[in-house]
Amino acid sequence: MALVARLRDFCTKLPVVEEKVDGFGHTTFRVKDKPFIFIGERDDQVSTSFKTNLTTQEFLLGQDGTPYKKTPYIGQHGWVSIMNIELVPWTEIEDLIVEGYARTAPKKIVQQLKETMS
C-alpha cells in the first residue's frame, strides 16, 4: 500500500484530482470524473495502468525486457499497465502520470497544471 500512498501524494497535487474506487474495486485517480490511473490487483499482484497515447504506448511496449503491458480491454486506447512498478524509475512514473492527466483534463485545467509546474 506504500505504492498507493506515493501515487496519491503525487496525484493529489495536480489540479482538480479525485480518488475514487470504481465498480470493479480499482482505485482510480480522476480529473473531471475521467480516470487517468487505475490501480488494481490480480492474482495477488498489484498492477498500475496509465493513460498514454498510442505512440507512447508503442515506445514503452517496444523496449527490451519492458515491465509494461498493454492494458486489457482499454489498451487499444493507449493504456499501459505495469505489474511491478518497482522496476520503473519514479521519475518515469511521474512523467506517465502527468501525461495521462494532461490527456484527460480539459484544456483550462491543463493550463493550470502548466502554470503550477513553471
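Quick note: the coordinates plus some simple rules give every number you see, no bench work behind them. This is a predicted model, so every value here is computed, not measured. Here the Cβ is made from the backbone with ideal geometry for all residues, glycine too, and neighbour counts use every protein chain on show.
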Expressed in nm to one decimal, what extension gain is obtained for the pair LYS108 and HIS77 from 0.36 nm per residue of sequence separation less their Cα-Cα distance?
8.9 nm
Read-out Cα Rg over 2.2 N^0.38 Å, derived from the coordinates shown; its label in (1) 1.01; (2) 0.95; (3) 1.23:
(1)
Work out the length of the dipole vector of region 1-99 about its Cα centre, built from +1 on the beta-carbon of each Lys and Arg and -1 on the beta-carbon of each Asp and Glu, and round it to the nearest 20 debye.
320 debye
So, in nm, how far is label GLU94 from label VAL46 when the simple model puts each one 7 Å beyond its Cα toward the Cβ?
1.9 nm
Give the long-range amide H neighbours of SER47: residues separated by 5 or more places, or on another chain, with amide H under 5 Å away, using H modelled in the peptide plane at 1.01 Å from N.
GLY40, GLU41, ARG42
Row for region 66-118, column shape: gyration tensor on C-alpha, a ≥ b ≥ c, rounded if a/c < 1.5 i.e. under 1.5, prolate if a/b over b/c, else oblate; value oblate
On a straight-distance basis, which lysines could pair with LYS69 in a cross-link, Cα separation under 22 angstrom, same-chain partners fewer than 8 positions away excluded?
LYS34, LYS51
